[in-house]
Amino acid sequence: MNVKTLTIIVFILVTAFLSGLVWATFIPIWQFPDEQAHFAQVQNYAEFKGYLPPGSKDLSFEIFESENILGTLRDKFGRNKFTYNPSFNIKYSDSKIGLKEEYLNNLPPVARTTLVKNESPLYPPLFYALSTLGYFAVNSQNLFARVVATRIISVLMFVVLVFFGFKFSQELFPRKKHLQLAATLAIAFHPMLTFVSSGINNDTLLNLLTTALLFFLVKIIRRGITPKDSFFIAFIFALGALTKQLIYLFVPAIGLAILFSLKKTKLTKSQIKTLIAYSLLGLISMSLLLFRRGFWWPFWPKVTSNSPGAHLSFFSLLLERISQLYRETLPWYWGVYKWLGVVLPLNVIRIIKVFMGLSFIGWLKYLYFKFKTKKFTITDKQFIFIFFTNFVYITVLVAWDISLHRNVGFGHGIQGRYFFPLIASHMAFLVFGLWQLIANRKFQKIFLLSIFSLMLILNLLSLHRVLTSYYTLTPFTTFIDQASQYKPSFAKWPYLGVYFTAYILSLSLLFNKLFKCKK
């Protein structure tokens, strides 16, 4: 990677951080997916050193009171006042201090450790242990400061995700810098990914780890596997097991990548024996870990004759899920906010579908050429691997949701963000298909700037859509008053203005660097 490319990547990473910072500071507290539940687990790791007595509750009085005041306290059906209710908002004051903000700020320290309810998700510990870095950084300050500081840790994870997205694209398109950068920009400015990654949710760390894992897997397919690669693949998988059970869906991908890599790997008999020994050791260790169960176990809903939904046909539910994936999950993949109450405008969704359709046509053109000429490359093998990985992941996820439906009698639903562990591959597929419709070196810069502009417009449009759902944007004084309420001092106005100005300046500099980018 030359100096100019490195400079562009640094600008992309800085801009991605500032973008995440804007989302993290402008969005009200508890308005990211299940944020209050995940923060509860962060708080428990910080306050109780990760240990709670068996059978104890796990939501503090401090969080409970804030949820009650801010409208996010769930009912017995798991819904709050915002769920599917885009018109609902809390009552704002006429200043930068919320009506009950001082009350929440002045809760005694014991409110952090007084547990009153169960809501913590009880996932594996890694994300929550890392997130306590933000919590402890402002430990002496109020609840809002600790929440926003913890959000910033997630934003930093998002930046690392974008970096590994670039490394993934490098291995996929080693001689096509414009495709590497275009795919990276598509990841960095994907609106829903930015949104999820700016809040407190262990999905952020899982998405980072799976993107890093995908990078190493496509790398060994192209270059062959080395002991160093084997270590990093095993290490990342272990970190994933300490983050969320969805990492187990990547076991088939790891096996296929190693199989593909063997033709590129020159091993002695001794090295082959060592590789087999390590593989067996890893398999045995993983099996022992799984049989230990607890939160390590990739839970699969058990359907018996007494299950409420046992009478439901698997096939009929499958047809429902296929329809749901297109009608609901696809729009939500690009953006669903405010507790499932706000989505992108219908015309925007239609435009996105047009570009996805154009990319699909580009892929048909590419496949036609490949089968006609019968000239297949390492990149084609990598694409086969990526397609297989996505197919396995989606199939298992859908089957799990159907089994859960039959187990409890109603559908849990498949949200678009559940597919973000593979988002680097999705953006690579999208960008590559669109490029096939042009495939002319003269238009590389125009293509790159177009991808950047379109994704940026989509990101800013989504941000505007979300802000208008919470705040009154005009007059401007009303907006800054409302946006500053129930926030720490460093996330109130004028700091909000400083962050947004820095973001816009960074975008301008990034556009300038891309414009000067040579072919």
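The values are calculated or read from the model by the stated rules, or taken from the named source; none is laboratory data. If you're wondering where the values come from, they're calculated on a predicted model, not measured in any experiment. With ideal geometry, Cβ positions are generated from the backbone for all residues, glycine too; neighbour counts draw on all protein chains shown.
Okay, here's what the table says:
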{"quantity": "Where Gln141 falls short, out of the listed (1) buried (at least 18 other Cβ atoms within 10 Å of the Cβ); (2) outside any helix (DSSP H, G or I)", "calculated": "(1)"}
{"quantity": "Filter pass, Phe164 being modelled with pLDDT of 95 or more, in contact with a Ser or Thr (Cβ under 8 Å, 6 or more places away or on another chain) and buried (at least 22 other Cβ atoms within 10 Å of the Cβ)", "calculated": "yes"}
{"quantity": "Which numbered condition Glu65 fails, given (1) exposed (fewer than 15 other Cβ atoms within 10 Å of the Cβ); (2) not in a loop (DSSP other than H, G, I, E, B)", "calculated": "(1)"}
{"quantity": "Residue within region 10-31 that is on the phi > 0 side of the Ramachandran plot, of a type outside the set (Ser, Thr, Tyr) and modelled with pLDDT under 95 present", "calculated": "no"}
{"quantity": "Criterion: outside any helix (DSSP H, G or I), at negative phi, within 19 Å of the chain's Cα centre (by Cα) and modelled with pLDDT of 90 or more - qualifying residue of Ile423, Ile386, Ile414, Ile394", "calculated": "Ile414"}
{"quantity": "Identity of the residue in region 310-353, over 22 Å from Thr194 (Cα atoms), in a helix (DSSP H, G or I) and of a type in the set (A, V, I, L, M), that ends up nearest to the chain's Cα centre (by Cα)", "calculated": "Ile322"}
{"quantity": "Among (1) under 13 Å from the mean Cα position of the chain (by Cα); (2) surrounded by fewer than 20 Cβ atoms within 10 Å (Cβ to Cβ), the one test that Ala129 misses", "calculated": "(1)"}
{"quantity": "Residue within region 465-479 that is within 20 Å of Ala186 (Cβ to Cβ), at pLDDT 95 or above, out of contact with any strand residue (DSSP E or B) (no Cβ under 6 Å at 6 or more places or on another chain) and part of a helix (DSSP H, G or I) present", "calculated": "yes"}
{"quantity": "Within region 404-416, considering residues that are crowded, with 19+ Cβ neighbours inside 10 Å and touching a Leu at 6+ places or on another chain (Cβ under 8 Å), the one nearest to Lys302 (Cα to Cα)", "calculated": "Arg406"}
{"quantity": "Single residue of Ile153, Ile200 found to be under 30 Å from Ala111 (Cα atoms), touching a His at 6+ places or on another chain (Cβ under 9 Å), in contact (Cβ under 8 Å) with a residue 12 or more places away in the chain and β-branched (Val, Ile, Thr)", "calculated": "Ile200"}
{"quantity": "Region 431-455 residues that are surrounded by fewer than 16 Cβ atoms within 10 Å (Cβ to Cβ), paired with ones that are of a type in the set (Phe, Trp, Tyr) (beta carbon under 7 Å, 6 or more apart)", "calculated": "Ile438/Phe447"}
{"quantity": "Some residue of region 167-181 being crowded, with 24+ Cβ neighbours inside 10 Å and among the aromatic types (Phe, Trp, Tyr)", "calculated": "yes"}
{"quantity": "Test: residue in region 27-50 that is surrounded by fewer than 23 Cβ atoms within 10 Å (Cβ to Cβ), in contact (Cβ under 8 Å) with a residue 12 or more places away in the chain, more than 25 Å from the chain's Cα centre (by Cα) and assigned to a loop (DSSP other than H, G, I, E, B)", "calculated": "yes"}
{"quantity": "Those residues of region 51-62 which are at pLDDT 85 or above and assigned to a loop (DSSP other than H, G, I, E, B), in sequence order", "calculated": "Ser56, Lys57, Asp58"}
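Conditions (1) touching a residue at least 12 places away in the same chain (Cβ under 8 Å); (2) within 19 Å of Val392 (Cβ to Cβ); (3) assigned to a loop (DSSP other than H, G, I, E, B), marked per residue:
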residue: Ile187; (1), (2), (3): yes, no, no
residue: Lys228; (1), (2), (3): no, no, no
residue: Ile233; (1), (2), (3): yes, yes, no
residue: Leu239; (1), (2), (3): yes, no, no
residue: Leu246; (1), (2), (3): yes, yes, no
residue: Ala257; (1), (2), (3): yes, yes, no
